[in-house]
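Following: one structure in C-alpha cells, then a few remarks.
The values are calculated or read from the model by the stated rules, or taken from the named source; none is laboratory data. Treat the numbers as computed from the prediction; the structure is a model and nothing was measured. A quick note on method: Cβ atoms are made from the backbone with ideal geometry, for glycine too, and the neighbour counts reach across all protein chains shown. The accessibility values were calculated without ligands, DNA or RNA, using every heavy atom of the protein model including side chains. Shrake-Rupley method; radii C 1.70, N 1.55, O 1.52, S 1.80 Å.
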Amino acid sequence: MGKSTISNFLRDKGIPIVDADEIAHAVLEFKAVKVQLVKAFGPPILNEQKQVDRKQLGEIVFGESKKLGELNQIVQPVIRQEIIRQLKSFTTESVVVLDAPVLFEQGYETLVDCIMVVSTTPAEQLQRLMERDHLTREDAQKRIDAQMPIEIKQKKRM
C-alpha cells in the first residue's frame, strides 16, 4: 500500500521506526516459536536450512481462518511484546512510528497516540503485493482478504 515508502521517508528524516513486519519475520526464528509452529503446521514449513519458509506457511494459513488464527495465537503475543519493548526503548525521541499492517486487527492501535492510514487502489495493492512477495494473484488476494478492509481502517484512524 505504501507503508514502507512512508516509513523510509520518515526514517531518512531521523524518525525512529518500529517495523512490525521486521519483528514478525524475526519472531519466526525464535526457537520456542519455531517449535510451536512445527507442532501446529508440520515439518514442511521448514526449508532446507531449518528456517521457517514464510511462503509455505502462508500457503497453509491464508484462506483458512482457523489456521490463520492458530498462527496468530502462536506469534502475535511474542510480536506484541517485542513491539512494546522497542517502543519503550526510545526514551528521548518526541516521535516514534509504529509501522504495522495489521494495527487494528491485532489491537496495536492502543499502543499509539495517532494513526495514519496509507492506502491505494485495490488493483495497485494487489499488484504491489504480488511483486513484493512474488505471489500469485490468488495468494496475494488471500492475504488481502485476511486483513480488515482499508475503508474500515480509514474510518478508525485518529
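Observations on the structure shown:
- Residue match in region 37-54 (condition: of a type in the set (G, A, S), at pLDDT 95 or above, assigned to a helix (DSSP H, G or I) and more than 18 Å from the chain's Cα centre (by Cα)): yes
- Subset of region 15-32 that is within 20 Å of I84 (Cα to Cα), of a type outside the set (A, V, I, L, M, F, W, C) and not in a strand (DSSP E or B) - its residue that is most open to solvent (accessible area, probe 1.4 Å): E22
- Residue check for E82: surrounded by 12 or more Cβ atoms within 10 Å (Cβ to Cβ), free of Cβ contacts under 8 Å to residues at least 60 places away in the same chain and among the acidic types (D, E): yes
- Only a single item in (1) within 17 Å of A20 (Cβ to Cβ); (2) in contact with a helix residue (DSSP H, G or I) (Cβ under 9 Å, 6 or more places away or on another chain); (3) not β-branched (V, I, T) is not met by K67, and it is number (1).
- Contact annotation: residue pairs with Cβ atoms under 6 Å, 6 or more positions apart or on different chains, pairing a residue in region 45-57 that is closer than 13 Å to V33 by Cα and open to solvent by less than 50 Å² (accessible area, probe 1.4 Å) with a partner that is part of a strand (DSSP E or B) and modelled with pLDDT of 95 or more, are I45/V52.
- Region 132-154 - residue that is over 16 Å from E59 (Cα atoms) and out of contact with any helix residue (DSSP H, G or I) (no Cβ under 9 Å at 6 or more places or on another chain) and, of those, most open to solvent (accessible area, probe 1.4 Å): E151
- When each of E109, E82 is tested for being over 28 Å from E151 (Cα atoms), part of a helix (DSSP H, G or I), touching a helix residue (DSSP H, G or I) at 6+ places or on another chain (Cβ under 8 Å) and not aliphatic (A, V, I, L, M), the lone residue that passes is E82.
- Looking only at residues in region 87-99 that are outside any loop (DSSP other than H, G, I, E, B) and of a type in the set (D, E, K, R), the one that is most open to solvent (accessible area, probe 1.4 Å) is K88.
- The number of residues in region 29-66 being closer than 13 Å to K142 by Cβ and not aliphatic (A, V, I, L, M) comes to 7.
- Scanning region 100-114 for residues that are of a type in the set (S, T, Y) and open to solvent by less than 30 Å² (accessible area, probe 1.4 Å) gives a single hit, Y108.
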